[in-house]
1. Return the total of residues in the range A:280-291 being crowded, with 19+ Cβ neighbours inside 10 Å and closer than 18 Å to A:Pro30 by Cβ.
2. Among the numbered criteria (1) within 14 Å of B:Phe181 (Cα to Cα); (2) buried (at least 21 other Cβ atoms within 10 Å of the Cβ); (3) out of contact with any helix residue (DSSP H, G or I) (no Cβ under 6 Å at 6 or more places or on another chain); (4) small (Gly, Ala, Ser), which single criterion is violated by B:Gly328?
3. Given the criterion open to solvent by 50 Å² or more (accessible area, probe 1.4 Å) and either more than 18 Å from A:Leu252 (Cβ to Cβ) or part of a loop (DSSP other than H, G, I, E, B) (or both), identify the matching residue among A:Val71, A:Val24, A:Val88.
4. Output the residues belonging to the range A:28-68 that are part of a helix (DSSP H, G or I), among the polar types (S, T, N, Q) and open to solvent by less than 10 Å² (accessible area, probe 1.4 Å).
5. Go through the range B:355-375 and give me each residue that's of a type outside the set (A, V, I, L, M, F, W, C) and either in contact with a strand residue (DSSP E or B) (Cβ under 8 Å, 6 or more places away or on another chain) or buried (at least 18 other Cβ atoms within 10 Å of the Cβ) (or both).
6. Considering only residues that are open to solvent by less than 10 Å² (accessible area, probe 1.4 Å) and among the small types (Gly, Ala, Ser), which ones fall in the range B:215-226?
Amino acid sequence: MRDWASKHRWESLLLVVLLATILVNVSLSPFYLGFGNFVNLFWLSIEKVIVVVVMTFVIINGEIDLSVASVMGFSAAVTATLYDGGQVPFALAIVIGITAGAIAGLLQGLVITRFGLPSLVVTLAGLIGFRGAARVLLEDRSVGDFPEWFESIGQRTLVGPFPVALILFFVGLALAWVILERSAFGRKVYVIGNSADVARFSGIEVGSVKLRLFIASGTVAGLAGILFAARVGAVQGTLGETYELDIITMVLLGGVSIFGGSGSMLGVVLALFTVLNIRNGLGLANIDGITQTGVIGLLLIGSVLVPNLAQKYRLRRPRAEAVAHGPP
Amino acid sequence: MKAIKRRSRALVPMVVLALVIAACGGDTDDTTTTAGEATTTAAEATTTVAAETTTSAGDTTTSAAAAGDAVEIAAGDSITATFLPKCTNIAVFPQANSGAEEAAAELGSDPAEFVGPADCGDTTGQIEFMTNAVTQGVDAIMLSNNSGDQLDAPAQAAADAGIPVVTWDSPIPSATGESVFVAQVDFDETGQVMADMARSILGDDGGQFAILSATPDAANQNAWIAAMEEVIAGPDYANLELVETVYGNDVAEDSVTAALGLVDSHPDLELIMAPTTVGIVAAAQAMTQEGLCETIKVSGLGLPEEMAPYVESGCAPEFALWSFVDLGYLAYYVAYGIATEQIAAEEGTTFVAGRMGEYEITADPTRDAGLRVLMGPFSVYNAENPGT
């Protein structure tokens, strides 16, 4: 146990924070401990947590995708526009919407890998561009009245008390864990994140790995946009606006280095649980939205500050322990 | 190449942090009122106002039912309740909550929790607060819906849990999960009042006007705009031309931008009609700053205390509103009455709500489904009746 804790400093710290959050929540609100609330807690943020999983890969790889929330809006807008026109069957409109997300990821990935431009700039352009496209498609309209089966995907439960989107998330999470920490592809993601040059010299096809990650990011963001539409029952051009911040917050809080190369799925899952539980607890204690955002913002600053301070402290002592990098 | 890469990597955390900090400081109002430049126009403007201030307001009649049947809602058990506005940072919503607090005190109940999203366009935030209220097992929810049908599912969940959902200010269009809607005024009458104000401001020769609304989805604003469009289709309003409807999302900056956009795209525009307290102030402020008050007037629904400088300057010769304090008060009485089973949410129920008197629950004539309690009436404000 102590061995595990020393190898996983950040995860251990998060576990402590999470347990503390749960204890505070239990003492604050008698309604917190309930199965229904546990499901709600995920259900209310399901679009974000799905994208968090793929963002983890992108950031460990040493890149960033700021465009995810705009791509969510873009995919949903494409689907809604096709559906609103009345020409295209809705199921097909969904497929085209998700494909549009994949293409958005592909385009950005190509610019990043072929022209060697920083992903920060390219996806910042994507953030503006795809949001603009979504708003051009829908203008000020709100498209709703989707078929019954579609809204039930987001709103009704499939197995026991679990909505479809929730099941999708847990399956995706398991898959992502295996790929990142148990597959050759996952290894490459870490190596590239540590040093793209070293990866290139070792014969890793850096561009191909990056490109695949951006396509995945676009596709998952597109899917999240559709799930959002199903949960809420309407699509507007502003769908998902500013969600990229919450998504990146959860990944960084999970101990993933913003410089790439280190971080673990476990850390991100713990961070995700922590953020969702803090929001839920504050909500049940009737604390308003502005304060909730403030608390999460403080957490993020702490998550960047604490490891840096800890490292400085360790460096000052000559017999420094090796800084743990990568997965276990 | 390598150097660029390294620098860009160092940029990443900085940009991310900056973005997050920007998002945290999301409090956007603080609209500094800049009036006083238009001193010369004041005299002129007052004359036009004085000339025509005939608007059809106040003909709302409450409950024609026999007085003897009315249930007087009385103090009883304390209830737990959630008072959920469209958002918490617009002046009218804390006002409504103060009315609800007044009612709770009279009824010997704990005040309702006043919670809501920071931003009026935040539909998912409202879904979250609604879901949390159901989890908390409150006795009643009082809601001003900030979207269209997006709240259907959580409202139905509340109804399934036996929690009455009393909407006020803005209803659930389909009435799904809703017990009753406490309407501030008759929604068709809102259209009539806005059309009459437009006619009074534009004069006999009419002219072009545009609408600056809240969010594109807002159930109440959309109903009012539809009602107004219907009224101005009539022969008496033939020379009023509605050129465009734009949306400022009940955010001050967005509304200013939308108002200035209208000015740019319609050179013959003479009036901006804003059926939202945020939009009307923003439009008046924008016209004042641009020095356009002479040619483009502003009207709609506004708070007297926020509009006073623009009434004085002649930028907004006339506007209307109802009391949000009374609306919150009445909504709390209705919610309390239903939650304590003193009254039933069904057609024909009559009741007495404290200082406000007798009301009746009727079918809502402005929606396909749903029940309504009609508060009314409108107050029209102008230079003679500034309301402050």
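The values are calculated or read from the model by the stated rules, or taken from the named source; none is laboratory data. Keep in mind that what you see is a predicted model, and the values were worked out from it rather than measured. Note: ideal-geometry Cβ built from the backbone for every residue, glycine included; neighbour counts use all protein chains shown. Areas reflect the complete protein model, heavy atoms only, side chains present, ligands, DNA and RNA absent. Shrake-Rupley method; radii C 1.70, N 1.55, O 1.52, S 1.80 Å.
1. 5
2. Single failed check for B:Gly328: (3).
3. Of the residues listed, the single one that is open to solvent by 50 Å² or more (accessible area, probe 1.4 Å) and either more than 18 Å from A:Leu252 (Cβ to Cβ) or part of a loop (DSSP other than H, G, I, E, B) (or both) is A:Val24.
4. Residues satisfying the conditions are A:Asn37, A:Thr56.
5. B:Glu358, B:Tyr359, B:Glu360, B:Thr362, B:Asp364, B:Pro365, B:Thr366, B:Arg367, B:Gly370, B:Arg372
6. Residue satisfying the conditions is B:Ala218 alone.
Okay, residues lined up against (1) without any contact (Cβ under 8 Å) to a residue 60 or more places away in the chain; (2) more than 14 Å from chain B (Cβ to nearest Cβ); (3) of a type in the set (Gly, Ala, Ser):
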position: A:Trp4; (1), (2), (3): yes, yes, no
position: A:Leu19; (1), (2), (3): yes, yes, no
position: A:Val39; (1), (2), (3): no, no, no
position: A:Ile59; (1), (2), (3): no, no, no
position: A:Ala77; (1), (2), (3): no, no, yes
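For (1) open to solvent by 20 Å² or more (accessible area, probe 1.4 Å); (2) in contact (Cβ under 8 Å) with a residue 40 or more places away in the chain, each residue gets a yes or a no:
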site: B:Thr123; (1), (2): no, yes
site: B:Glu128; (1), (2): yes, no
site: B:Ala157; (1), (2): yes, no
site: B:Asp160; (1), (2): yes, no
site: B:Gly177; (1), (2): no, no
site: B:Gly207; (1), (2): no, yes
